[in-house]
Amino acid sequence: MGIGTSLFLIATGAILYFAVDASVQGLEIQTVGVILMVIGVLGLLISLFILMSASRSRYPDDRPTRRDRDF
């Protein structure tokens, strides 16, 4: 799940939780909104963690810099 999908789930869940007053028999719309927001937040945190770890592995701290190389 990407960052965009996570933000979409958070926004959809917030709309269902805060803005929808309709009632459906056998289904709590506010509960569905909370579930979507929680899934969106978890997906966002996981996506950001993966993005941060990928950028760290691409540029390790012990790589030689231009000053360290012999010319």
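With (1) loosely packed, with under 10 Cβ neighbours inside 10 Å; (2) at pLDDT 95 or above as the list, and Phe8 as the residue in question, which single condition is left unmet?
Here Phe8 clears every test but (1).
Filtering region 1-27 down to residues that are among the β-branched types (Val, Ile, Thr) and either outside any helix (DSSP H, G or I) or touching a Pro at 6+ places or on another chain (Cβ under 9 Å) (or both), which residue is farthest from Ser47 (Cα to Cα)?
Step one: list which residues in region 1-27 are among the β-branched types (Val, Ile, Thr), which gives 3, 5, 10, 12, 15, 20, 24.
Those left that are additionally either outside any helix (DSSP H, G or I) or touching a Pro at 6+ places or on another chain (Cβ under 9 Å) (or both): 20, 24.
Values: Val20: 29, Val24: 33 Å.
Looking at the filtered set, the residue picked out is Val24.
The values are calculated or read from the model by the stated rules, or taken from the named source; none is laboratory data. This is a predicted model, so every value here is computed, not measured. Cβ coordinates were reconstructed from backbone atoms using ideal geometry, including for glycine residues, and neighbour counts include every protein chain displayed.
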